[in-house]
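The structure under discussion appears below in the form of structure tokens.
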Amino acid sequence: MSIVQQAKAKIQGQWEKASQISRFNQAKVLRAFQQNRVGTHCFSDSTGYGYHDLGREALENVYKSVFKTEAALVRPQIVSGTHAISLCLSILNAGDHLISLSGPPYDTLQQVIGTRGVARASLIKRGIQYEEIPLTLEGRLDLDQIKEKVSKDTRMVMIQRSRGYSWRPSLTVTEIGEAFRIVKGINPDCICFVDNCYGEFAEFYEPSEVGANLLAGSLIKNPGGGLAPSGGYIVGDQVLVELCSEYLTAPGLGSRLGPTFNLTRQLLQGLFIAPHVVGQALKGAILAAQVFLDLGYEVSPLPDEARTDIIQAIKLNSREKLEAFCRIVQETSPVDAQVVPIPAPMPGYDDQVIMAGGTFIQGSSIELSADGPLREPYIAYLQGGLSLEHIELVLDALVENL
């Protein structure tokens, strides 16, 4: 029996839980489609200004129902998760106080905020007061520090649900809700915002169901189901989402404009299959954790730990192994398998980054991909996978060749 097959035998209990989460979320998404009367009339094209786009309206109503929020903004004009998050942060004004409750965010968002880089339009240069509360040594939210730092003058708190390029656990919806209860107890008017990238449909509930006023994410991650060619989403309180839309388009125009470029069917179908695809990715991540744990590597999360995103971190402790890892993932991809990934500078990152992404959609991280910054301890971040069978084939190749 191969190492991968031996690992599969050990994780059936974890796979069953992932199946339960996938089924729960599939039922939720199905109800949202039915409640909002999605029909073939929603698949019509719109161009130009995009006035009276019934498909766009249906798409955003479905997102609103899935995330149980007052409003949704789901647009192909939002180019990335970072763009969606930046729109949410753009509603802050000079003098407003913003606190990151989960320590420093990932590299490119640090440029948006202004703690890294020289971007002229960063939040700090626009006069926003920014503060970070480090995570505890265990990688959890520091509730005592939150009680101490948040005040009646704090305008917004933000949480990065996923790990990013860091060796820390992703945050559960339960602990996010606990932190927001503390914040609201101090300042009921404080905006609670979550970077939800990589986390959608990984648990039974979303942060919008435990007190988040705003959520943002990318359509080429979990909620696009591998079909969305581009785009991002923002869901939350009506007044906040509409304000974000005015930064996307223009004040006074907001969410009423925006053509869908004949993408509505793909975006709706991608959302419909997203719970299943996320379930495949979660099972693949659990299996990868068990395989590399059996091979003697440190992994995070462990195979039996609770998961709230689709990322599996594997500590390789060697530049050569990280490069080989990404090369093997690329070689077993359906697209550009002949291409050899090499480390290169990436916008927003101080270190060179190596990326394996033989994906149908450029940069799609719900499709199987692997990457990592070229810095010690040389961690490979494996994420996504449209089919469990493909993930198993990749793991077979890694075991054989790494």
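Where a number appears in this text, it was derived from the coordinates with a stated rule and is not lab data. These numbers were taken from a predicted model, which means no experiment stands behind them. Positions of Cβ are backbone-derived with ideal geometry, glycine not excepted, and every protein chain shown enters the neighbour counts.
Among 161-172, 24-35, 282-293, how do they line up from the highest to the lowest mean number of other beta-carbon atoms within 10 Å?
Those peptides, ordered most packed to least, come out 282-293, 161-172, 24-35.
Can you give the three extents of the C-alpha atoms in segment 216-299 along their principal axes, from longest to shortest, in whole Å?
Between the extreme Cα coordinates on each principal axis of segment 216-299 lie 58, 26, 17 Å.
Have a look at G114, G358, G95 and tell me which one the Gaussian network model of the chain (Cα, springs below 10 Å) gives the largest fluctuation.
Maximum among the listed residues: G95.
Report, ordered by chain and residue number, the lysines lying within cross-link reach of K64, taken as a straight Cα distance under 17 Å and ignoring same-chain residues fewer than 8 apart.
K28
Count charges around P105 for me, please; just the other residues with Cβ under 15 Å from its Cβ, Lys/Arg as +1, Asp/Glu as -1.
Taking every Cβ under 15 Å from that of P105, the sum is -2.
Straight-line reach from K152: which aspartates and glutamates have a Cα under 12 Å away, not including same-chain ones fewer than 8 places off?
Cα-Cα hits under 12 Å: D96, D189.
Hey, could you get me the Stokes-Einstein D for segment 278-355, Kirkwood radius over alpha-carbon pairs, 10 °C and 1.306 mPa s, rounded to whole µm² s⁻¹?
Values: Rh = 14.0 Å.
Result for D is 113 µm²/s.
Can you give me the orientation-averaged projected area of the convex hull built on the Cα atoms of segment 104-223, in nm²?
Computed as one quarter of the Cα hull surface, the answer is 7.7 nm².
Can you give me the pair-distance distribution of segment 170-284, C-alpha pairs, 10 Å bins, whole percents?
The calculated distribution, bin by bin, is 13, 37, 35, 14, 1.
Determine the equivalent ellipsoid of segment 1-101 by diagonalising the alpha-carbon gyration tensor, then write out the semi-axes as square roots of 5 times the eigenvalues, largest first, rounded to whole Å.
35, 25, 15
Once you charge only the Cβ atoms, +1 for Lys and Arg and -1 for Asp and Glu, what is the size of the charge dipole of the chain about its Cα centre, to the nearest 20 debye? Display every interim value, and only then the final one.
Details: 35 positive and 44 negative charges, 130 e Å.
Dipole magnitude for the chain comes out near 620 debye.
Rounded if a/c is under 1.5, else prolate if a/b is larger than b/c, else oblate: which is segment 95-167, with a ≥ b ≥ c the root eigenvalues of its Cα gyration tensor?
Cα axes put segment 95-167 in the oblate bin.
Could you tell me how far the Cα centroid of segment 353-375 sits from the Cα centroid of segment 315-335, in Å?
Going from one Cα centre to the other spans 10 Å.
Any chance you could check the Cα centroid distance between segment 147-177 and segment 236-288 for me, in angstrom?
Computed from Cα coordinates, the inter-centre distance equals 22 Å.
Straight distance only, please: which lysines reach the Cα of K315 with their own Cα at less than 25 Å, same-chain residues fewer than 8 apart left out?
K8, K10, K221, K283
Tell me, what is a quarter of the convex hull surface for the C-alpha atoms of segment 322-402, in nm² with one decimal?
Over all viewing directions, segment 322-402 projects a mean Cα-hull area of 5.1 nm².
Give the shape of segment 204-256 as rounded, prolate or oblate, defined through the alpha-carbon gyration tensor: a ≥ b ≥ c are the square roots of its eigenvalues, a/c under 1.5 means rounded, and otherwise the shape is prolate if a/b is larger than b/c and oblate if not.
Details: a/c = 3.57, a/b = 1.21, b/c = 2.96.
Verdict is oblate for segment 204-256.
Mind jotting down the three principal axis lengths of segment 39-78 based on Cα atoms? Whole angstrom, largest first.
Ordered largest first, segment 39-78 gives principal extents of 29, 24, 14 Å.
Take the Cα pairs of segment 44-264, get the Kirkwood Rh, then feed it into Stokes-Einstein at 20 °C and 1.002 mPa s and tell me D in µm²/s.
Reported coefficient: 122 µm²/s.
Rounded to the nearest 5, what is the percent of antiparallel bridges among the DSSP beta bridges in the chain? Present the calculation step by step, with values, prior to reporting the outcome.
Values: 26 of 42 bridges.
So the antiparallel bridges in the chain amount to around 60 percent.
Just from its helices, what would the mean residue ellipticity at 222 nm be for the chain, if runs of 4 or more DSSP H residues each count -39500 (n - 2.57) and the sum is divided by every residue, rounded to the nearest 500 deg cm²/dmol?
-12000 deg cm²/dmol
Direction-averaged shadow area of the convex hull around the Cα atoms of the chain, nm²?
18.9 nm²
Return the sequence-ordered ³J(HN,Hα) values of segment 390-397 in whole Hz as given by the Karplus equation 6.51 cos²θ - 1.76 cosθ + 1.60 applied to θ = phi - 60°, using x for Gly and Pro.
Computed from phi, the couplings for segment 390-397 are 5, 4, 5, 5, 5, 5, 4, 5 Hz.
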